[in-house]
Amino acid sequence: MIDHETIGRIMDASRIEEVIGDFVSLKKRGGNHIGCCPFHNEKTPSFYVSPSKGIYKCFGCGEAGDVVTFLMKHEHYTYPEALRYLAKKYNIEIREEEMTDEQRERQNERDALFHVSEFAQKYFADTLFNNEMGRAVGLSYFHSRGLSDEVIKAFGLGFCLDEWSAFTDHALRNGYSLNVLEKTGLTIVKEEGQRRFDRFRARVMFPIYSISGRVLGFSGRILTKDKQIAKYVNSPDSDIYNKSHALYGLYQARNAIGRAGKCYLVEGNIDVISMYQSGVQNTVASCGTSLTVDQIRLIKRYTNNITVLYDGDQAGIKAALRAVNMLFEEGMHVRVVLFPDGEDPDSYAQKYGSTQLQQYLSENEDNFIVYKTKVMLGDVKDDPIRKSETVKEIVNTIALVPDLLERQAYVSQCASLFDMPEAVLANELNRTMLRRQSKAEPQPTEVDQQPTEPQPQNPTTQPKPAQPTNAFADPHEVQLIRLLLNYGDSPIAVPQPAGGDQPQTLTQSLAQILVENLESDELTFDNAACQQIFDMYSAGVKNGHLPTTTDLASADPAVRTLAFSLMVDTYRISDLWKGKNIYVPTIESRLVADLEESLNSFKLFKIDHLIAITDQKLKNLQPDDDVMLILAERKQLNDLRQQLGSCLHRVVT
């Protein structure tokens, strides 16, 4: 259990733009930072981070919260885990007692999977460097591939001994349960626990990390040439690891990808590490599977530019072709580098060195669609049928590109390569896209096509007045909540009646004035989220502690989303106005007028609603209704409306 004082020190030290910047490529815009949302797929950035308020908000999918909320959502941490991550990042000491065996067994299963995976990585790394067999077999293999000890340690590489259950026995002795070892895939259990053995025995180990550096799983490579044994064995999917959602090397590459604005995609783990050692650190590989949409979206958090590196043989070319269609569909800008036949990034780096590797990448990088056109045209020769098929194949790929201007540029380039009018290619592209669109549109079902029977109406049934909905807040309500959230603690001088010992003005917070004003008139909000936020501030005014961003982050999702939407300011006044001697008044400079205007507007909105209900009563009079009472109520509401309207006019003027 982490005490409140330590939590306070962690939250004070944490800079939300730094923490989120480790996972999302952010650019400064005014007082905020902006980037593509990591929680949904988007092409235009709508994810805002406000350092001054310590919150983030996506205006695309609605996700919002503080630094702890982000880590819990993005990394699937528990609340204590998120705090420990921040404490480690900002070197804040957390004193914790050593867990007993009983506590370890009661520990959340997901936490246990993470712990045993990290324990295994340290064990395999220690075996690689400090065990005689580990050094002779594992370390010598990595050295033979040209890897330095520094790079080996940077990727956490290791070795699993050629013994049936050396790791499993070691883990059990250290208190980890057989059930947890089996669920991570580190141990294979047979005959109801009677037989157990290490999944990765006699293999060099490549740990697979999350973006934050947590060990999710492993890939193990056999060092013998026995074709009866799989060359690579990977961790099975578990509660913490899904190979379709992970990229090998992304943890080490994420910052370099952001700096370079480009990601290199290679086929294997060794290729990633060789590229890294050669100075091309913005390199990743898929984890034992063909490239998936989720993996592409991981890359897209950092850049839209990707260069695919594959072997120069036919298998490498086919693999590149399969992957690229998905990349285009996800809005990526794709280029390709093919190595000479028989070479891959690792072998090329070993043979020619890092300088020549980087030079080869820069000189041989080609736009993929143009490259694909050149490759396919090489097989066409003068055959008109094959040329027609090639044109359709290229057009199908161009049609996957979401951006209109980019598609047009491809049409122009490919038309020149095909030696045909650009209009012909453009027409074929339009037909292809129309066919795809018609297939994507849902067809009406038989039920949809049936005409609906008119429903009989009861002439005695009176229409019910419209009820306010909680789905969307009214602008009048939103404005008051916006003032509470952003300026609730701002002091405001309230004029007092002259005479006596009282001062001429009394300083109160905006929240205190607003809460007292609405509660004295017994006014409430129709929107449930607005009312909950108001209730939090009402309680805060009474106990002397207004809600913090942490309080709002721990509220229910509707409240959190609304609150952080109103707290993140996506606009700023351009400095160009000052150069023209035009000074735009800020909200702070006219806060009192804004408060009066917003309160009066809200009250007018409420009165108009009551007037509408009264008019409805007059329109649908019942025999036992008191007409004079309703008319008096109507006049009273109208007088109050005129009075508020004149007050609002004075404020605005």
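On the basis of being among the aromatic types (Phe, Trp, Tyr) and assigned to a strand (DSSP E or B), does residue 264 make the cut? Here the answer is yes, as residue 264 does meet what is asked. When only residues in the range 1-28 that are at pLDDT below 85 and charged (D, E, K, R) count, which is nearest to the chain's Cα centre (by Cα)? Restricting to residues being at pLDDT below 85 and charged (D, E, K, R), the top hit is 12.
Yes or no, residue by residue, for (1) surrounded by fewer than 21 Cβ atoms within 10 Å (Cβ to Cβ); (2) modelled with pLDDT of 95 or more; (3) within 15 Å of residue 117 (Cα to Cα); (4) of a type in the set (Phe, Trp, Tyr):
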| position | (1), (2), (3), (4) |
| --- | --- |
| 205 | no, yes, yes, no |
| 212 | yes, no, yes, no |
| 219 | no, yes, yes, no |
| 225 | yes, no, no, no |
| 238 | yes, no, yes, no |
| 246 | no, no, no, no |
| 253 | no, no, no, no |
| 259 | yes, no, no, no |
| 273 | no, yes, no, no |
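All conditions but one from (1) in a strand (DSSP E or B); (2) more than 19 Å from residue 550 (Cα to Cα) apply to residue 49; the one that does not is (2). Of all the numbered requirements in (1) over 17 Å from the mean Cα position of the chain (by Cα); (2) buried (at least 18 other Cβ atoms within 10 Å of the Cβ); (3) at pLDDT below 90, residue 74 misses one, and that requirement is (1). Taking residue 86 as the residue in question, decide whether it is touching a strand residue (DSSP E or B) at 6+ places or on another chain (Cβ under 6 Å) and at pLDDT 85 or above. Criteria not met by residue 86. Of the helices (runs of 4 or more DSSP H) lying entirely inside the range 301-407, those containing at least 2 residues that are at pLDDT below 80 span 314-329. One residue alone among 417, 425, 483 is within 30 Å of residue 540 (Cα to Cα) and modelled with pLDDT of 85 or more, and that residue is 483.
Pairs only if they're at least six apart or on different chains, beta carbon under 8 angstrom, first in the range 592-621 and more than 28 Å from residue 516 (Cβ to Cβ), second not β-branched (Val, Ile, Thr); list them, first residue then second. From the range 592-621, the pairs are 615/634; 616/465; 617/625; 618/631; 618/634; 620/462.
The values are calculated or read from the model by the stated rules, or taken from the named source; none is laboratory data. Fair warning: this is a prediction, and the values are worked out from it, not measured in the lab. We place every Cβ from the backbone using ideal geometry, glycine too, and count neighbours over all the protein chains shown.
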